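Q: I have a structure here, written as structure tokens, and I will follow up with some questions on it.
Each reported figure results from applying straightforward, stated rules to the coordinates on display, with no laboratory input. Predicted model, so just to flag it, every value in this text is computed and none were measured. Glycine gets a Cβ as well: all are built from the backbone with ideal geometry, and neighbour counts include every protein chain shown.
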């Protein structure tokens, strides 16, 4: 039975010929198709991360990304970026109607976009003051701090909360 490792130097990480992550543990055992999973992806994205096998067993624990050497950190960050897509809403430009479903036009960290909000229940409160909004296709949009939005955006958002 594999036990989680606390020291990041007790493993190495590389990509195989298929581009999948391979973790080699301190005993020299190679684990294919390793997946990094954040413990707290919104509130503490750079702290508390597990490297898990394809069957979901934890192979290594990383307290902070700063613990990793530069090449390993780059591999982990690249893998996370390819798996996680959560644009952050910076401004709400407009909504088609204050009833749902409604089309929202927003400025995000990934550019301007329009999405459909099916119902108010698709806006979830996270640890204050963060919100998570799911569009009709299941894409998650993050509002990290609703109080940091401009007045126009907060006014629109208040109509749906």
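Q: Regarding the range 8-83, what is the average projected area of its C-alpha convex hull, in nm²? Numbers along the way, then the final one.
A: Details: hull surface 19.1 nm².
Hull-based average projected area comes out at 4.8 nm².
Q: Modelled label-to-label distance, residue 14 and residue 125, 7 Å Cα→beta-carbon offset: nm?
A: 5.1
Q: For the range 100-161 and the range 3-78, write down the distance between their C-alpha centroids in whole Å.
A: 32
Q: For 13, 161, 126, 59, what ranking results if the residue with the fewest other Cβ atoms within 10 Å of its Cβ goes first? Intermediate values should be presented prior to the final figure.
A: Values: 13 23, 161 10, 126 13, 59 19.
Going from sparsest to densest Cβ surroundings: 161, 126, 59, 13.
Q: Now for a separate question. Give me Rg/Rg_expected for the range 77-157, where Rg uses Cα atoms only and Rg_expected = 2.2 N^0.38 Å with N residues.
A: Details: Rg = 12.4 Å, N = 81, 2.2 N^0.38 = 11.7 Å.
So the Cα radius of gyration is 1.06 times the expected 2.2 N^0.38 Å.
Q: What percent do you get for the relative contact order of the chain when only Cα pairs under 8 Å and 6+ apart count? Numbers along the way, then the final one.
A: Numbers: 282 pairs, mean separation 22.5, N = 161.
Normalised by residue count, the contact order of the chain is 14 percent.
Q: Hey, what angle do you get for helix 151-160 against the long axis of the chain, alpha-carbon based, 0 to 90 degrees rounded to 10?
A: In the chain, helix 151-160 runs at an angle near 90 degrees to the longest axis.
Q: Expressed as a rounded percentage, what relative contact order does the range 8-83 have, with Cα pairs under 8 Å and six or more residues apart?
A: Rounded, it is 23 percent for the range 8-83.
Q: In Å and whole numbers, how far do the C-alpha atoms of the range 15-160 stretch along each principal axis, longest first?
A: 59, 27, 24
Q: To the nearest 500 deg cm²/dmol, what mean residue ellipticity at 222 nm is calculated for the chain from DSSP H runs of n ≥ 4 alone, each contributing -39,500 (n - 2.57), summed and divided by the residues?
A: Working: 2 runs with 24 residues, N = 161.
Value at 222 nm, helices only, nearest 500: -4500 deg cm²/dmol.
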